[in-house]
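A short write-up of the structure that comes next.
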Amino acid sequence: MSEDAPVESSPADADAVSTAFELFSHELRVDILFALWDAERHALSFSTLQRRVGERDSGKFNYHLSKARREVRRPNR
């Protein structure tokens, strides 16, 4: 493929890229993902995860945790 050739992608590729950008679009969601990645069996309780990421506002933490869960569990199209 030459440098000037257009990039071909499918709608599924575009959807995957969009999902990744959405998932990483807020620092708190990135912190949540890294905390889960570092945890044993990649699982933590709500309160432990909240403490590890250092977010004191439960509402804000719950919002971003829920948003991250929706993006991670999103079925392939």
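Report, in deg cm²/dmol and to the nearest 500, the calculated mean residue ellipticity at 222 nm for the chain, where each DSSP H run with n ≥ 4 adds -39500 (n - 2.57) and the sum is divided by the residue count.
Value at 222 nm, helices only: -19500 deg cm²/dmol.
For the chain, which longest stretch is free of loop sites, where a loop site is one of the GluC sites (Glu not before Pro) that DSSP puts outside H, G, I, E and B and that has at most 14 other Cβ atoms within 10 Å? All intermediate terms of the calculation are to be shown ahead of the outcome.
Values: sites that count: GLU3, GLU8.
Result for the longest clean stretch: 9-77.
Explain nothing, just the number: dipole magnitude of the chain about its Cα centre with +1 on each Lys and Arg Cβ and -1 on each Asp and Glu Cβ, in debye rounded to the nearest 20.
Numbers: 12 positive and 13 negative charges, 150 e Å.
Rounded to the nearest 20 debye, it is 720 debye.
Values in this text are rule-based calculations from the coordinates and carry no lab data. Note that the structure is predicted; figures quoted are calculated from it, not measured. Cβ coordinates were reconstructed from backbone atoms using ideal geometry, including for glycine residues, and neighbour counts include every protein chain displayed.
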